[in-house]
Amino acid sequence: MRRRAGRPQLKRDPLRTNAPGAPTHCYMRLVLFSFIVVALLAGLWWWGKRPRIYRNVPLNGLRRFIWSLLAQMPSGGFLVADRRSDAGFLQLALRSASTNSYAIEFGLPEIDWSAPHFEAVHAALVRQHFEVAVEQGSGQVSQFMRVTISGHSEEVIGRAMTLFEVVADTLGWGTSPTFTVRFGGPLDVPRIRAQLAAARVRGA
């Protein structure tokens, strides 16, 4: 009799991942890194959807929020630090962001709470070598002051903190005002993803 052909045996380990010396740790690292990236991006998406409000922030604590504005927001994103004890606020808008080169703009309206010290703020900022522009306002805002700061991230953050300190002091807010900080605008997810990829390359 003719022998019946045997059933072909499927290879259980075609990639030989169980073979001696196979780099299984590489696969595990890849899976773990992929999971971390997905979880982080999901977290950023969720964070971008929820209101981003931070209370009881001291003046010297605003530095980290300026860093967040530069690192995570697209052009047009902004932060506002509302004074908690009385009327008044500090605000910054991100005008441009590229590879470690940023431009931000500070704006101060001349309205009821700032009007008595508006000219003094202008003079104090000029003494600190800021480029100050004042334009005609409208409605309840008689004038509007703009200050642009550009450079690499640490330079921009340092100059912005100096500006905040000068403005707060000149407006008579004392040495330790506290603020409620809020952000406006979406997260710049592509730039955050690129930063994560760059960090992965540096850590390789």
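Descriptive notes on the structure:
- Relative frequency of Cα-Cα separations exceeding 20 Å in the stretch 73-159, percent: 39
- Under 19 Å from the residue 138 label point (7 Å along Cα→beta-carbon), backbone N, the stretch 101-129: 107-112
- Highest mean packing first, where packing is the average number of other Cβ atoms within 10 Å per residue, the peptides 162-171, 129-138 line up as 162-171, 129-138.
- Rounded to whole Hz, the Karplus (6.51, -1.76, 1.60) HN-Hα couplings of the stretch 111-121, x for glycine and proline: 10, 3, 7, 9, 4, x, 10, 4, 5, 5, 5
- Using Cβ point charges alone (K and R +1, D and E -1), the dipole size of the stretch 51-187 about the Cα centre works out to roughly 500 debye.
- Selection from 106, 75, 92 lying farthest towards where the dipole of the stretch 74-115 points positive, charges on Cβ: 75
- For residue 173, net neighbour charge (Lys/Arg +1, Asp/Glu -1) across residues whose Cβ lies under 11 Å away: -1
- Net charge contributed by nearby residues that have their C-beta within less than 13 Å of residue 66 (K/R +1, D/E -1): -1
- ³J(HN,Hα) computed for each position of the stretch 73-78 - Karplus, 6.51 cos²θ - 1.76 cosθ + 1.60, integer Hz, glycine/proline x: 10, x, 4, x, x, 8
- Close amide-amide hydrogen proximity is noted between residue 137 and 143, 144, each under 5 Å apart and 5 or more residues distant or on a separate chain (H modeled in the peptide plane; Pro and chain starts excluded).
Read-outs throughout are calculated quantities, based only on the coordinates presented, and are distinct from any laboratory measurement. The shown structure was predicted, so the numbers you read here are calculated from the model rather than taken from an experiment. FYI the Cβ positions are ideal-geometry reconstructions off the backbone, even for glycines, and counts take in every protein chain you see.
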